[in-house]
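As structure tokens, the structure follows; a few thoughts come after it.
The values are calculated or read from the model by the stated rules, or taken from the named source; none is laboratory data. Since the model is a prediction, treat every value here as computed from it, not as a measurement. Cβ placement follows ideal geometry from the backbone for every residue including glycine, while neighbour counts extend to all protein chains displayed.
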Ligand SMILES: [Zn+2]
């Protein structure tokens, strides 16, 4: 599998940072999915419903956001969020610096590096609550 930092960043942000998106960006994101589904589905009636109702085909704002295709739109949203929030929101492999699947993943699918046990202090912070906390 070929690694492309920009498309991995785009995927990562769309999968993990939806809260940073505007309502419009989320709306267009859902429209992209519906349009892709519409293109793949059998049957004209189903295609029409998916395209119009969920894909928002004919909505001038959405159509213009997607005039260059879904990927340029997804990338520009990713770039905006990165500029606003900084690189710290991206989980990268400590060894190869590539983008990891999720914010909490501790294994790199690109180079195979696994750092589950590398930092025990981080481990307890994220996975366990002390008994005293529970009885408070
Ligand atoms: Zn790696």
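Quick notes on this structure:
- Of all residues making up region 83-122, the number that are surrounded by 14 or more Cβ atoms within 10 Å (Cβ to Cβ), at pLDDT below 95 and more than 13 Å from the ligand (Cβ to nearest atom): 1
- Members of region 11-32 that are exposed (fewer than 15 other Cβ atoms within 10 Å of the Cβ) and touching a residue at least 12 places away in the same chain (Cβ under 8 Å): 15, 24, 30
- Condition met for residue 8 (surrounded by 11 or more Cβ atoms within 10 Å (Cβ to Cβ), closer than 25 Å to residue 99 by Cβ and modelled with pLDDT under 95): no
- Check on residue 60, touching a residue at least 40 places away in the same chain (Cβ under 8 Å) and out of contact with any strand residue (DSSP E or B) (no Cβ under 9 Å at 6 or more places or on another chain): no
- Any hit, region 65-79, residues being within 16 Å of the ligand (Cβ to nearest atom) and within 16 Å of the chain's Cα centre (by Cα): no
- Any pair with Cβ under 6 angstrom, 6 or more apart, that starts in region 72-92 at a residue that is closer than 13 Å to residue 11 by Cβ and ends at one that is at pLDDT below 95 and loosely packed, with under 13 Cβ neighbours inside 10 Å: 91/103
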